[in-house]
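**Student:** To start, I am sharing the structure in question, which I have written as structure tokens.
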Amino acid sequence: MPRAAGGRPHPAARLPEGRHRRAGPHRLGELTEPRRAFERDRQNHQTRGRHRLRTCQPGGESADGNPSPPKPPRLRRDQHHSQRPRSSDLRHNRPAARPQPKATPPAWDTASAETTHGIAGPLALLSIAKTAGWTVTGQAAAIRDAAHWLLDWRINSTSCWPPHVTGEELDTGVASPVSGRRDAWCYGTPGICRALSLAGHATGEPRLTETSDAGIASLADRSTRDWDVTGPTLCHGHAGVLQCAAHSHAATSGHAAAAVTMAFRPQHAFAFQHTGTGLPADEPGFLTGAAGIALALADHSGLPAAVVPTRWDAVLLLT
């Protein structure tokens, strides 16, 4: 502050009574500029975020130039969920797994003989329930009708069934052989034969059990390379045949166990790979993974296990 002679403040610097010194323009700028910069940055950040949400497209770039993550393609109406590309495939730029070309899914207007999609599944369930003492009105007749329907639709009285029968084939009484896991538990002979065996025990009809035994035993007459199965798993592959033939058909179960063992690869994540989707995949699960294979091999090898009221393969309608 300027001072006059004698050390007193200069008269021009004195303020009227009750008035306070106000900061000049330079002081105002120094005090408010950091706040102004903070507000400016915050507003810019919010603006960029709103602009990114409006303009960012899957697989493209956002407003600030950063790439956005790719979005999996949407499925068509005729596609199965198994054809959806996996997130790991997108990250590593790998082609998505494709469905096994030789497996023919049943159409909506067909009658199926299979265990997983057809009459053999309900037949096995009704038969298991009747043997256990759980019955309802009409159950015995339903078992007989379903079992005899399967007997009537054997291909040329052999131990093979068409995976599904079209409406026209139902009218003519003749089905066209269709390939697609015809020797697997899910679609083919082992699962159907096991259902017939359970029905034979439930109804006391020897013809059903005899047909079942002949069907599973016929697999041993062919090389496992000729079996219409996919890989070593329970659902589509050799492990399913192994479990269907367990404890009653030593030759067939032995061939199936050998085929499963041949697929063992210790370098893989779970030692066995699922091949039902076209490309080998490491899966730890039950139906199409290593867990189900391990259970079938443990049964076949007679590994000690705890006594339980219900066997694990009851979920497959085998016991």
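The values are calculated or read from the model by the stated rules, or taken from the named source; none is laboratory data. Being a predicted model, the structure only gives us computed values, none of them experimental. Virtual Cβ from ideal backbone geometry, glycine too; neighbours counted across all protein chains shown. Side chains are part of the model used for accessible areas, which takes the heavy atoms of the whole protein and leaves out ligands, DNA and RNA. Shrake-Rupley method; radii C 1.70, N 1.55, O 1.52, S 1.80 Å.
**Student:** Order these peptides, 163-170, 135-142, by their mean beta-carbon neighbour count within 10 angstrom, highest first. All intermediate terms of the calculation are to be shown ahead of the outcome.
**Tutor:** Values: 163-170: 16.9, 135-142: 11.6.
Result, highest mean Cβ count within 10 Å first: 163-170, 135-142.
**Student:** Give, as a single signed number, the net charge of other residues whose beta carbon lies under 14 Å from the beta carbon of A246, with Lys and Arg counted +1 and Asp and Glu -1. Please report the intermediate quantities before stating the final value.
**Tutor:** On the way: positive: R194, R311; negative: D213, D299, D313.
Net local charge, A246 excluded: -1.
**Student:** Over the Cα atoms of segment 115-156, compute the convex hull volume and normalise it per residue, giving Å³.
**Tutor:** On the way: hull volume 2.7 nm³, N = 42.
Cα convex hull per residue, to the nearest whole number: 65 Å³.
**Student:** Another one. Can you tell me the accessible area per residue over segment 139-191, all protein chains present, probe 1.4 angstrom, in square angstrom? Spell out each step's value before the answer.
**Tutor:** On the way: 2210 Å² over 53 residues.
I get 42 Å² per residue for segment 139-191.
**Student:** For segment 227-319, what is the convex hull volume of its Cα atoms per residue in Å³? Intermediate results must be reported in sequence, preceding the final value.
**Tutor:** Values: hull volume 9.5 nm³, N = 93.
Spread over its residues, the Cα hull of segment 227-319 gives 102 Å³ apiece.
**Student:** Tabulate in residue order the Karplus-calculated ³J(HN,Hα) for segment 140-150, using 6.51 cos²θ - 1.76 cosθ + 1.60 with θ = phi - 60°, rounded to whole Hz; enter x for Gly and Pro.
**Tutor:** In residue order, the calculated couplings are 4, 5, 5, 4, 5, 5, 5, 5, 5, 4, 5 Hz.
**Student:** Can you give the three extents of the C-alpha atoms in segment 247-299 along their principal axes, from longest to shortest, in whole Å?
**Tutor:** 32, 21, 17
**Student:** Under 5 Å between amide hydrogens, which residues at least 5 positions from S112 or on another chain qualify, with H placed 1.01 Å from N in the peptide plane?
**Tutor:** I119, V165
**Student:** What FRET efficiency do you get for S301 and H268 if R0 is 25 Å and r is their Cβ-Cβ distance, rounded to the nearest 0.05?
**Tutor:** Working: r = 21 Å, r/R0 = 0.82.
It comes out at approximately 0.75.
**Student:** In segment 105-202, what chymotrypsin sites (Phe, Trp or Tyr not before Pro) fall in a loop by DSSP, with at most 11 other Cβ atoms inside 10 Å?
**Tutor:** Working: sites: W108, W134, W149, W153, W185, Y187; in loops: W108, W134, W153, W185, Y187.
Listed in order of number, the matching sites are W108, W134.
**Student:** Please state the Cα pair-distance histogram of segment 145-262 with 5 angstrom bins from zero: what percent is in each bin?
**Tutor:** Reading the bins upward from 0: 2, 13, 23, 23, 18, 13, 6, 2, 0.
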